[in-house]
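Peer 1: There's a structure below that I have some questions on.
Here, each number is a calculation from the coordinates, and none is a lab measurement. The structure displayed is predicted, hence computed values, not measured ones. Cβ placement follows ideal geometry from the backbone for every residue including glycine, while neighbour counts extend to all protein chains displayed.
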Amino acid sequence: MTTPDPLIEVDCAISELRRGAIVCVHDGDNSLLMLAAEALTPEHLGQLTRLGRSAPRLVMTGTRANVLG
């Protein structure tokens, strides 16, 4: 079995986020579920809560936080 190209996997994840899908990012034993904030709905929030091991959190870049005030 061949190892997938990491750059292709990142490109696919970005495409999925842009279309509003939940994406799972993993590195060894750690994983995290991601969703673009613009795509968040009550249904998506429920899915993230059920699928995740902890409560959903909002994560953003410092630049984005400064723009939002």
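Peer 1: Quick one: give the max-minus-min coordinate of the C-alpha atoms of the chain along each principal axis, largest first, in Å.
Peer 2: 46, 29, 23
Peer 1: Now a separate question. What ³J(HN,Hα) values, in whole Hz, does the Karplus curve 6.51 cos²θ - 1.76 cosθ + 1.60 give for segment 57-69 when θ = phi - 60°, with x put for Gly and Pro?
Peer 2: Running phi through 6.51 cos²θ - 1.76 cosθ + 1.60 with θ = phi - 60° gives 10, 8, 10, 8, 6, x, 4, 5, 4, 5, 5, 6, x Hz.
Peer 1: Could you run the Karplus curve 6.51 cos²θ - 1.76 cosθ + 1.60 with θ = phi - 60° over segment 46-51 and give me ³J(HN,Hα) per residue in whole Hz, x for Gly and Pro?
Peer 2: Karplus values, whole Hz, x for Gly and Pro: x, 4, 4, 5, 5, 7.
Peer 1: Of the options 47, 7, 28, report the single residue whose Cα projects farthest towards the positive end of the charge dipole of the chain (beta-carbon charges: Lys, Arg +1; Asp, Glu -1).
Peer 2: So the residue we want is 47.
Peer 1: While we're on this one: For every helix of n ≥ 4 consecutive DSSP H residues, a contribution of -39,500 (n - 2.57) applies; sum these over the chain, divide by its total residues, and give [θ] at 222 nm rounded to the nearest 500 deg cm²/dmol.
Peer 2: Only helices count here, giving -13000 deg cm²/dmol.
Peer 1: Explain nothing, just the number: dipole magnitude of the chain about its Cα centre with +1 on each Lys and Arg Cβ and -1 on each Asp and Glu Cβ, in debye rounded to the nearest 20.
Peer 2: In debye, rounded to 20, the chain gives about 340.
Peer 1: Let me ask you something else. Just want to confirm a number: the relative contact order over the chain, from Cα pairs under 8 angstrom separated by 6+ residues, in percent.
Peer 2: It rounds to 18 percent for the chain.
Peer 1: HN-Hα J couplings of segment 19-31 from phi, Karplus 6.51/-1.76/1.60, θ = phi - 60°, integer Hz, Gly and Pro as x?
Peer 2: Computed from phi, the couplings for segment 19-31 are 8, x, 8, 7, 10, 9, 10, 9, 8, x, 8, 9, 8 Hz.
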